[in-house]
1. Counting pairwise Cα distances across region 216-354, what percent come out greater than 19 angstrom?
2. Filter the chymotrypsin sites (Phe, Trp or Tyr not before Pro) in region 154-250 to those in DSSP coil with at most 13 other Cβ atoms within 10 Å of their Cβ, and list the result.
3. If you take the C-alpha gyration tensor of region 250-299, multiply each eigenvalue by 5 and take the square root, what semi-axes do you get, largest first, in whole Å?
4. Along its three principal axes, how long is region 372-428 when you only count alpha carbons? Whole Å, largest extent first please.
5. In region 268-416, how does Rg compare with the Kirkwood Rh, expressed as the Rg/Rh ratio over alpha carbon atoms?
6. Write down the accessible area per residue of region 149-308 in Å², having rolled a 1.4 Å probe over the full set of protein chains.
7. How many percent of the accessible area of region 52-154 is carbon or sulfur, using a 1.4 Å probe?
8. When the C-alpha atoms of region 296-338 are aligned to their principal axes, what extent does each axis show, in angstrom, from largest down?
Amino acid sequence: MRPTRARTVFASLILAFLTGYAGAKTAASPPAIAATRAEGWRSDLDLQHWGTASFHNDLSGAIRALSAAHGATKDAVMLDIAEIFLTHMLLFEAETALHGVTPTTPAQTRRLLAVQHATALLSGQPVEEFQTSALNQPERPDRAFWAALQAIATADAGLLGANIRDSFTGLGLQSRAALRQMLPVFIEAATELGEHAHAAAGLQLLEELPDLAAAPTGHFLRGRVEERRGNESSALKAYFKAAEGWDQYAARARLAVADMSLRDGGDGALLAAQSVLQDGAEAWRGDRFELEIIKRLARLYAATENDLEQLLTLGKLLTRFSDSPEAKSATEQAQDLLKRLYAKGTSGQYLLSDWMTAHLGLVPFYGSFPDFPAHTEALADYILGLGATDLAAKEYRRAMQEIERRDAPQYTPDLTRLTLKLADAQRQAGLFAQARETLTKAGLPMTEADKDAHSALLARVLSGLNDSPALLQTPVKTPTPTHLRDLGMAFSDAEQWDDAVVQYLQLWDNHPQAFAFEDATRLLIAANRSGDGATIGRVARAFPQLTSTASLVELAQSLNADPAELLPLSAEKAADRLQSLEDAFQSIKNTSASPRTSD
């Protein structure tokens, strides 16, 4: 029974289509005057009244008639112009033409409403007063066509089901342009309602429009019919073909492939769907289909655990559809994914090059997120740990700049911490002058701990600059071994030997593991110059290497000996003394790498 019914429906559709098309093609273009129009339902709206191929002549004639028309005749011509536009599916132009119509007779009022309603329905917009519309009157043979459009616009499944079959007959009574655009809509509606016979007949009618049948439109509709029938293999084949295009139906085909792949859940299906959506991701922009494609692509990346691509995709959604209901949930997903991605990075699960590439790609989308400066700081910390000081400094600056843009008091502690980290990265890079400038220009409120860290870091920078006077004037509450060593050297350079001894002894006593052989030699010299015999003895006992060679023994003896009587120093004697000291300090240098003993 079903094949016979389909052939019957198809035959009636073809007859209506060919009859309507032939009539439109052969009809002479009448003058643009309402009196020449047919009576009955055609007087309200007839999209076959105007010739398919005579748009220019029809519009030109109407414009000429308009220039000489007045009153009711002028309104009739404007309605003709609107109907000419509507015949060729120039919907915006039709709506614009209707703005100048102010009907003075009941017939013109009825016609105006009919054209307005048709324009709205063909645009996909519902008509509030459709029940009383001239398009919904029983005498119109295309009433079901307009009722079906009203049902689609209002998502009224009951109204659509009651009219879908007869709507195909009404479709044959429209202009060729209207048929071209509405036939796919009705094929899909019949498919979704399970009216497979009508959907199949519509597809056969579509073959009479080869450009549509071979376009993404035709492939998508065939795919949808096959999918609804359970033929998934055939459906996918048709969808893949449709997805090669660039129009709305190609975008919908990509969505269909994604949905089928997500239902399947297999790795191969998911990767194939990813490829299809990626290839056409930018092919269709600006409406709900683009939004749906972005959402599906994000779901596909989530299914394959590709955090980075999922984040980039969600970033597009937030950028392009920031006011959509989906934006809130996308923001929450993105925040969780950012935490996971940067946690993986800091634990070494990414190559640094891959992580940096990902980070730079995320900055445009998520740089303003509340936690993003913290993620950037974590990346910079990791980079600094690898010794990439310049790159770390850039990321510290990026985090600081984002915080400064926000200009919010709650971020001040973060800015202080980042300033210290930036200066330390500059110091490690050997950029001591830049580090000093960073610390000097900080001007940020600091806690006591911040102040201590700032002073300690500044001291290290000053040591790198060999600025001993400034170093000695920089107080550090909790000196590190490096700071104590730097102070000892600075006091030695200033020949403040007692103070130098104090610093080196503090280093030795508080940080014995950090007290090196070179520190011991400098302590020995400072102790000798200050006359601290107890310290000299302690060093000699703990570091016998210092007196294990003849030259060092000689040095030690000379340091402990009473000063010789001051006599005029000959050039020869001065040279001998300098050579002796040079040899002794060279020996110290050569033995400084020897293992030491603790006291």
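The values are calculated or read from the model by the stated rules, or taken from the named source; none is laboratory data. Just so it is clear, the model here is predicted, and its values are computed rather than measured. Note that each Cβ is placed from the backbone with ideal geometry, even for glycine, and that neighbours are counted across all protein chains shown. To get the accessible areas, we keep the full protein, side chains included, count just its heavy atoms, and leave off ligands, DNA and RNA. Shrake-Rupley method; radii C 1.70, N 1.55, O 1.52, S 1.80 Å.
1. Counting every Cα pair in region 216-354, those more than 19 Å apart make up 54 percent.
2. Those that pass, being in a loop and sparsely packed, are Trp246.
3. 18, 10, 8
4. The principal-axis extents, from largest down, are 32, 19, 13 Å.
5. 1.01
6. Roughly 41 Å² per residue, with all protein chains present.
7. Solvent-exposed carbon and sulfur of region 52-154 make up 58 percent of the total.
8. 28, 18, 13
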